[in-house]
Amino acid sequence: MITASEALQKLQTGNRRFASDECASESITDAAHRVQLTRGQKPFAVILGCSDSRVPAELVFDQGLGDLFVIRVAGNVVASSQLASVEFAAEAFGTRLVVVLGHTRCGAVTATLDAIRASSDNPPPNLDSIVGRIRPSLEPLFADDPDAPTDTVIDAAVRANIRASAEHLRHDSPILKRLIEDDGLLVVGAEYDLGTGLVDFFDRTPS
């Protein structure tokens with residue numbers, strides 16, 4: 001079993017290749033590797049990321065088929081289905097690294113900030129299921145300046161949302177809590193920069 005720290009290093013190295021236009025993953029198109037994977041999978045990391053089309057985890061980390069167990073949802077929020085998916089991968093495959101991957105200028109976070117500022121407006125019900133999960137972690141950003149424009153707080157808001165999702169995974173699942181305490185599972189938060197292509201692992205990342 002690959003450890004959390006080893007998995008993290010693989011992601012960081014792969015991301016540096018991606019950001020430098022030096023991608024090396026042949027397993028993305030390797031036919032023999034596809035056949036091998038029909039016998040089972042052993043992803044070395046779980047990525048809970050945003051659905052944004054500009055942030056495909058396998059490309060961002062320069063990994064191939066079978067390397068990552070990827071869950072994508074707008075705003076990288078944690079609902080019961082996402083939580084169950086992370087639990088499944090951690091238990092079934094022995095994956096010991098979970099990354100909550102947000103990104104700069106996130107549309108779901110921006111929509112939540114706009115909803116907070118225009119408190120009299122109600123988003124559509126389905127959108128509200130996402131906005132409602134993001135909102136609690138963003139409201140404190142307006143405590144000192146209720147009229148702060150979105151552009152002023154978006155960077156802090158994206159990171160606050162990533163931290164909130166990571167904390168949800170760490171504390172709201174008995175299965176994940178047990179794996180963290182007893183089996184070396186690590187949950188970290190990271191932000192992808194749309195401009196540079198680099199991922200900053202900023203939340204609970206071991207030094």
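Brief remarks on what is shown
- Members of the range 93-141 that are of a type in the set (D, E, K, R) and modelled with pLDDT of 90 or more: 96, 105, 133, 135, 139
- Tabulated pairs, the range 58-87, first on the phi < 0 side of the Ramachandran plot and among the basic types (Lys, Arg), second outside any loop (DSSP other than H, G, I, E, B) and at pLDDT 95 or above, C-beta under 7 angstrom, 6+ apart or interchain: 72/49
- Single condition residue 32 does not satisfy, out of (1) at pLDDT below 95; (2) within 22 Å of residue 187 (Cα to Cα): (2)
- Look at (1) within 14 Å of the chain's Cα centre (by Cα); (2) farther than 26 Å from residue 207 by Cβ; (3) hydrophobic (A, V, I, L, M, F, W, C) and you find that residue 148 fails only one, number (1).
- Restricted to the range 1-52, and to residues there that are of a type in the set (S, T, N, Q) and touching a helix residue (DSSP H, G or I) at 6+ places or on another chain (Cβ under 7 Å), the residue that is farthest from residue 109 (Cα to Cα) is 27.
- Qualifying residue in the range 90-103 (condition: among the β-branched types (Val, Ile, Thr) and assigned to a helix (DSSP H, G or I)): no
- Filtered residues of the range 129-151 (kept if hydroxyl-bearing (Ser, Thr, Tyr) and either free of Cβ contacts under 8 Å to residues at least 40 places away in the same chain or outside any helix (DSSP H, G or I) (or both)): 137
- Exclusive hit being touching a helix residue (DSSP H, G or I) at 6+ places or on another chain (Cβ under 9 Å), part of a loop (DSSP other than H, G, I, E, B), surrounded by 18 or more Cβ atoms within 10 Å (Cβ to Cβ) and among the hydrophobic types (A, V, I, L, M, F, W, C), set 78, 55, 86: 78
- Residue within the range 38-52 that is in contact (Cβ under 8 Å) with a residue 40 or more places away in the chain, of a type in the set (D, E, K, R), surrounded by 13 or more Cβ atoms within 10 Å (Cβ to Cβ) and under 19 Å from residue 192 (Cβ atoms) present: yes
- Hey, residue 149 at pLDDT below 95 and surrounded by 13 or more Cβ atoms within 10 Å (Cβ to Cβ) or not: no
- Against the test of being touching a Leu at 6+ places or on another chain (Cβ under 6 Å), closer than 24 Å to residue 69 by Cβ and either at pLDDT below 95 or of a type in the set (A, V, I, L, M) (or both), the options 84, 90 yield a single qualifying residue, 90.
- Residue match in the range 136-144 (condition: loosely packed, with under 13 Cβ neighbours inside 10 Å and more than 24 Å from residue 82 (Cβ to Cβ)): yes
- Meets criteria (assigned to a helix (DSSP H, G or I), touching a helix residue (DSSP H, G or I) at 6+ places or on another chain (Cβ under 6 Å) and more than 24 Å from residue 16 (Cβ to Cβ)) for residue 154: no
The values are calculated or read from the model by the stated rules, or taken from the named source; none is laboratory data. Keep in mind that this is a model prediction, so the values were computed, not measured. Quick reminder, even Gly has a Cβ in these numbers, built from the backbone with ideal geometry, and neighbours come from all protein chains shown.
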